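Reviewing the structure listed below.
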Amino acid sequence: MDVTLHLAQDPDADALLGRSPLAALTGMLLDQQIPMEWAFKGPATIAQRLGADDLDAHEIAAYDPDAFAALLSDKPAVHRYPGSMAGRIQQLCRYLVEHYDGDAEAVWRGVGDGRQLLKRLEELPGFGKQKAQIFLALLGKQLGVRPTGWREAAGAYGEEKSFRSVADITGPESLAKVRAHKQELKAAAKAAKAAKKPAE
């Protein structure tokens with residue numbers, strides 16, 4: 001895996017995401033309740049604070065939980081909720097150590113079927129169906145992992161020429177389109193909620 005990604009909009013952080021399966025999974029895990037670039041810059045920040053040039057599932061799984069939470073809480077914090085996200089990252093790494101000998105790429109390496117890969121991603125701690133589908137779309141669209149039926153398994157996120165998620169971001173222009181799509185969804189949800197309210 002050695003691809004140029006543009007998710008953190010930071011060359012060093014994006015380079016790590018493109019070459020490190022664990023960094024990509026960790027960025028996806030962090031991608032909630034904060035701007036996407038902040039989330040995907042997180043793996044590089046964590047690696048830097050660990051004094052390493054990549055993340056190691058065995059090292060993170062065995063790290064003292066309080067010390068790891070402190071590492072993520074240092075300014076600038078890796079996430080809006082650094083303590084709880086530190087716990088989630090360690091949970092993910094422990095799962096990878098237990099089920100894949102710490103090799104994040106083994107989650108998708110050699111999997112020939114999109115539905116099976118989606119199931120494996122959904123089994124990861126912190127990955128619900130939506131997050132798993134977005135990551136599956138990212139694997140297929142940008143990382144060259146394309147088992148049979150991957151687009152169908154990724155649902156709407158797998159559609160060609162869509163701008164729905166991080167899977168579709170290849171630079172500033174597509175980032176703006178994905179942002180606009182998310183704003184539209186928020187506005188539609190807000191309007192639907194308002195329409196449900198009984199008239200005064």
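Structure data summary
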| quantity | calculated |
| --- | --- |
| Size of charge dipole - segment 54-200 - debye, nearest 20, with Cβ of Lys, Arg +1 and Asp, Glu -1, no other charges | 1100 |
| Choice from Glu184, Glu105, Glu152 showing the highest fluctuation, given a GNM over the chain with Cα pairs closer than 10 Å | Glu184 |
| Relative contact order %, the chain, counting alpha carbon pairs below 8 Å whose residues are six or more apart | 16 |
| Pairs of lysines in the chain (C-alpha under 13 Å apart; 8 or more residues apart or interchain) | 5 |
| 10 Å-binned pair-distance histogram of segment 144-189 (Cα, whole percent) | 27, 46, 24, 3 |
| Radius 11 Å from Cβ of Val78, net charge of other residues (Lys, Arg +1; Asp, Glu -1) | +3 |
| Overall form of segment 85-200 per C-alpha gyration tensor (a/c, 1.5; a/b vs b/c) | prolate |
| Surface per residue (accessible, 1.4 Å probe) for segment 86-200, Å² | 56 |
| Solvent-accessible area, 1.4 Å probe, carbon plus sulfur percent, for the chain | 51 |
| Within a Gaussian network of the chain (alpha carbon springs, distance under 10 Å), most fluctuating of Gln33, Gln130, Gln91 | Gln33 |
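The values are calculated or read from the model by the stated rules, or taken from the named source; none is laboratory data. Every value quoted in this text rests on a predicted model; they were computed, and no experiment measured them. Heads up, the Cβs are rebuilt from the backbone with ideal geometry, glycines too, and the neighbour counts pull from every protein chain shown. These accessible areas exclude ligands, DNA and RNA; they are computed on the full protein's heavy atoms, side chains included. Shrake-Rupley method; radii C 1.70, N 1.55, O 1.52, S 1.80 Å.
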